[in-house]
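Reading through the structure tokens given below for one structure.
The values are calculated or read from the model by the stated rules, or taken from the named source; none is laboratory data. Only a predicted model underlies this, so the values are computations on that prediction, with no experimental measurement involved. Cβ: placed from backbone, ideal geometry, glycine included. Neighbour counts: every protein chain shown.
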Amino acid sequence: MAIRTVRVTTPEQMEAAFAIRRKVFIEEQSVPPEEELDALDQTAAHVLALDPGGRPVATGRIIPYGERTGKLQRIAVLSEFRGGGYGRAVVEALEEIGRSMGFSRFVLGAQTHAEAFYRKLGYRTTSPEVFLDAGIPHVHMEKIAAE
């Protein structure tokens, strides 16, 4: 069964996305709240992935990032649902939204422990070295969409 994703369009859905991000980034990874929730949340396109019962369990957002480029950010899956395809579903939904916005290139800053996950989805590492974001090791990655 395919995982259902929805584009966030209501305040309730946005709050569900924020709740997932608070749990994953602020509570689990100790990212400061002021770094996690930002002004880009108001203009980004957000998605939720839903479990079979319709409960939001994963989220992510995409923002314009230069010519024909979208940046995927804040991709988070609740711990008990990791490894179940929800992260992949979020990335694919964000890329679909990005293509509809005219993006043919996607970039992201991946936590180093997730680098292999993004590689499986067609991303390649572009940063020459690891960098810290919110105190967590990351690498830059990109994917050129098939024309």
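With respect to V8, determine if the residue is in contact (Cβ under 8 Å) with a residue 24 or more places away in the chain and within 14 Å of V90 (Cβ to Cβ).
For V8, the condition - in contact (Cβ under 8 Å) with a residue 24 or more places away in the chain and within 14 Å of V90 (Cβ to Cβ) - is met.
Could you give every pair whose Cβ atoms fall below 9 Å, whose first residue belongs to the stretch 127-143 and is among the hydroxyl-bearing types (S, T, Y), and whose second residue is surrounded by 13 or more Cβ atoms within 10 Å (Cβ to Cβ), counting only separations of at least 6 or pairs across chains?
S127/G109; S127/H138; S127/V139; S127/H140; S127/M141
If R61 passes every condition in (1) charged (D, E, K, R); (2) touching a Lys or Arg at 6+ places or on another chain (Cβ under 9 Å); (3) without any contact (Cβ under 8 Å) to a residue 24 or more places away in the chain but one, which one does it miss?
That leaves (3) as the condition not met.
List every residue pair whose Cβ atoms lie under 9 Å apart, where the two residues are 6 or more positions apart in sequence or sit on different chains, the first residue falls within the stretch 19-30 and is outside any helix (DSSP H, G or I), and the second residue, located anywhere, is surrounded by 14 or more Cβ atoms within 10 Å (Cβ to Cβ) and not aliphatic (A, V, I, L, M).
That search, which allows pairs on different chains as well, returns Q29/Q111.
Within the stretch 32-70, which residues are closer than 16 Å to L108 by Cβ and either among the hydrophobic types (A, V, I, L, M, F, W, C) or surrounded by 22 or more Cβ atoms within 10 Å (Cβ to Cβ) (or both)?
L40, A44, A45, H46, V47, A58, T59, G60, R61, I62, I63, G70 - these are the residues of the stretch 32-70 that are closer than 16 Å to L108 by Cβ and either among the hydrophobic types (A, V, I, L, M, F, W, C) or surrounded by 22 or more Cβ atoms within 10 Å (Cβ to Cβ) (or both).
Would you point out the residue of the stretch 63-77, among those that are more than 20 Å from R22 (Cβ to Cβ) and not polar (S, T, N, Q), that is modelled with the lowest pLDDT?
G66
Could you check, for the stretch 44-65, whether at least one of its residues is charged (D, E, K, R), out of contact with any His (no Cβ under 8 Å at 6 or more places or on another chain) and closer than 29 Å to I144 by Cβ?
Looking through the stretch 44-65, none of the residues is charged (D, E, K, R), out of contact with any His (no Cβ under 8 Å at 6 or more places or on another chain) and closer than 29 Å to I144 by Cβ.
State all residues of the stretch 113-147 that are out of contact with any Phe, Trp or Tyr (no Cβ under 8 Å at 6 or more places or on another chain) and part of a loop (DSSP other than H, G, I, E, B); if no residue qualifies, say none.
Selection gives L121, G122, T126, S127, P128, E129, V130, G135, A146, E147.
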